[in-house]
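Asker: Structure provided below as C-alpha cells; questions to follow.
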Amino acid sequence: MRKVSLWLGHANLPSTEVYLRADPTEKLEALAAMVPPMLKPGRFRAPDKLLAMLSTVKRRPDYAE
C-alpha cells in the first residue's frame, strides 16, 4: 500500500486506501474516460524514414535477437 501511495503522490496512507478499495469496474471506466481524444485507436506503423534510419544503426556484438 505504501508503494501505491508514493506512486499517487499521497501524503498519507488513508487517502490511498480509498483508491485501493474502489470497485475495479469504476477504476476501468475512469481510465477509459481519460484517453486523450487526439489518439486514434489502432496499431502504430513506423514511417519508412524511421525504419530506414534504424536499419543503419550498428548493433553491439553482444546484441541478442
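The values are calculated or read from the model by the stated rules, or taken from the named source; none is laboratory data. Just so you know, these numbers come straight off a predicted model, no measurement behind them. Quick reminder, even Gly has a Cβ in these numbers, built from the backbone with ideal geometry, and neighbours come from all protein chains shown. These accessible areas exclude ligands, DNA and RNA; they are computed on the full protein's heavy atoms, side chains included. Shrake-Rupley method; radii C 1.70, N 1.55, O 1.52, S 1.80 Å.
Asker: How many residues, within segment 33-65, are open to solvent by less than 100 Å² (accessible area, probe 1.4 Å) and at pLDDT below 85?
Answerer: Of the residues in segment 33-65, 4 are open to solvent by less than 100 Å² (accessible area, probe 1.4 Å) and at pLDDT below 85.
Asker: On to the next question. Does any residue in segment 5-17 that is under 18 Å from residue 27 (Cα atoms) come within less than 6 Å, Cβ to Cβ, of a residue that is open to solvent by 90 Å² or more (accessible area, probe 1.4 Å) and in a helix (DSSP H, G or I) six or more places away or on a different chain, and which pairs are these?
Answerer: none
Asker: Hey, another quick one. May I ask you to list pairs of residues, at least six apart or on different chains, whose Cβ atoms are under 9 Å apart, with the first in segment 19-30 being of a type in the set (Gly, Ala, Ser) and the second being in a loop (DSSP other than H, G, I, E, B)?
Answerer: If the second residue must be in a loop (DSSP other than H, G, I, E, B), the pairs left are 30/22.
Asker: So, of the residues in segment 5-28 that are loosely packed, with under 10 Cβ neighbours inside 10 Å and assigned to a loop (DSSP other than H, G, I, E, B), which turns out to be nearest to the chain's Cα centre (by Cα)?
Answerer: 9
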